[in-house]
Amino acid sequence: MAHAMSVESGFKLGLFAPNASSGLAITTVPERWSGSWEENLRLARLADRSGIDFLLPVGRWIGWEGTAFHDSVLETVTWAAGLLAATEHISVFATVHSALLPPVVAAKQLATLDRIGGGRAGLNIVAGWYRAEYEAFGLDLPGSPDQRYAHAQEWWDVVSRLWSSEEPFDHDGTFFPGLRGLHTSPRPVAGRLPVINAAVSPAGRSFATRNADFLLTATFDPRRGAALVDSVEEAAARAGGRRVGVLSNAYVVCRPTHREAEEYLRHYADENADWAGVDTVMSGQGINAQSFSQEQIAMFRPRFAAGHGGFPLVGTPDEIADSIVQFAEAGVSGLALSFVDYLGELEYFSAEVLPRLEKAGVRRTVRR
């Protein structure tokens with residue numbers, strides 16, 4: 001039987017970044033998501049009842065200078081432990097920076113998570129890119145994605161072997177030399193957790209096709225998503241016949257009328273956007289005048305304000321369901337969704353959009 005978060009188990013919908021204040025909307029509106037533990041717990045239980053497939057947190061150790069965006073972020077392993085203990089069906093991922101958490105510690109923590117959730121834990125591997133976070137740990141950010149993903153590969157090799165080796169072993173690698181007598185118990189329920197890797201660079205996508213179950217990346221629209229799915233499937237086949245799905249991120253503004261949805265988008269992502277925060281975040285991710293044209297930057301800025309560069313699912317339940325169906329038909333494995341106010345908006349989305357997706361054959365019927 002396929003794991004609930006396997007490529008074979010059908011199109012998936014998850015919630016992205018609920019552990020962080022503001023979620024993914026870089027806005028100043030007062031109803032923006034608080035990211036508090038109390039609201040995360042209520043949200044996880046609502047998502048669990050509604051049939052949402054997974055929760056995916058962002059990993060942040062320090063905030064962004066000059067903006068309230070992500071000024072409070074719950075640590076992801078302990079967050080996942082609490083939510084797995086409080087839910088019954090939903091998969092909960094921990095986002096782990098491979099440069100910041102030793103592999104021996106990570107293997108034990110993640111296996112414990114999976115035991116708490118009865119096999120519902122997942123791992124989102126982040127190789128790291130934000131220089132200020134490295135500096136907060138007294139580390140130097142490697143100069144290229146190739147170097148960062150070489151480190152992540154060795155980290156994952158150690159974690160994987162800890163979960164699979166029956167006998168103690170030694171490891172003497174480039175990044176983790178002199179590890180002796182490695183062995184761990186308990187192990188994940190199924191021996192291994194489903195793995196997501198969020199990547200844009202060629203090095204990151206190569207890492208995902210070798211190791212992950214899902215590549216999380218912006219697809220911009222279903223047509224581009226289909227081309228990306230084809231390229232990932234081809235690369236995964238070359239990497240030993242693996243199957244790797246593509247997840248994309250999208251922000252949701254779902255209202256009874258298209259006009260209402262557009263008006264609210266304009267309200268929070270234009271009139272009340274945190275434009276200084278948008279520019280800070282975009283620059284921190286390398287989207288600046290040195291690497292992109294002014295026209296490209298102007299195109300990116302509204303999407304970053306609305307949902308960190310995700311695809312806009314803005315409109316009526318019918319319109320949003322139609323867009324999601326297009327992603328599914330393009331071969332995309334699922335969408336990681338964000339809202340301005342996750343709790344306030346998920347109930348309407350679940351009541352109106354999910355039944356339409358069930359009718360279209362994209363989603364199974366869930367009644368809990």
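No lab work stands behind these numbers, since they all come straight from the coordinates. What you are looking at is a predicted structure, and each value in this text was computed from that prediction instead of being measured. Note: ideal-geometry Cβ built from the backbone for every residue, glycine included; neighbour counts use all protein chains shown.
The figures follow:
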read-out: Entry for semi-axes √(5λ) of the Cα gyration tensor in Å (calculated from the structure that is shown) out of (i) 38, 21, 19; (ii) 31, 24, 20; (iii) 45, 21, 21; value: (ii)
read-out: Cα shape, region 295-355, gyration tensor, a/c 1.5 rule; value: oblate
read-out: Calculated P(r) tail over 15 Å for region 23-68, as whole % of Cα pairs; value: 58
read-out: Antiparallel bridges, percent of DSSP beta bridges restricted to the chain (to nearest 5); value: 10
read-out: Using θ = phi - 60° and Karplus 6.51 cos²θ - 1.76 cosθ + 1.60, couplings along region 308-319 (whole Hz; Gly, Pro as x); value: 6, x, x, 6, x, 9, 10, x, 7, x, 5, 5
read-out: Region 146-274, relative contact order [Cα under 8 Å, separation at least 6], %; value: 16
read-out: Length-normalised contact order for region 64-182 - Cα pairs under 8 Å, 6+ apart - percent; value: 22
read-out: Theoretical ellipticity at 222 nm over the chain - DSSP helices of four or more residues, -39500 (n - 2.57) apiece, nearest 500; value: -13500 deg cm²/dmol
read-out: Cα gyration tensor, region 1-134 - rounded (a/c under 1.5), prolate or oblate; value: oblate
read-out: Cβ-based exposure ranking for L346, L123, in which fewest neighbours within 10 Å come first; value: L346, L123
read-out: Share, in percent, of DSSP beta bridges within region 36-181 that are antiparallel, nearest 5; value: 10
read-out: For G245, residues with placed amide H under 5 Å, excluding near neighbours; value: F214, L215
read-out: Length-normalised contact order of region 1-67 in % [C-alpha pairs under 8 Å, at least 6 apart]; value: 39
read-out: Integer Hz, Karplus 6.51/-1.76/1.60 couplings in order for region 277-283, x for Gly and Pro; value: x, 4, 5, 5, 5, 4, 5
read-out: Percent breakdown of C-alpha pair distances by 10 Å bin, ordered from the shortest bin, for region 209-338; value: 13, 34, 34, 17, 3
read-out: Gyration tensor (alpha-carbon) shape descriptor, region 168-225, a/c threshold 1.5; value: oblate
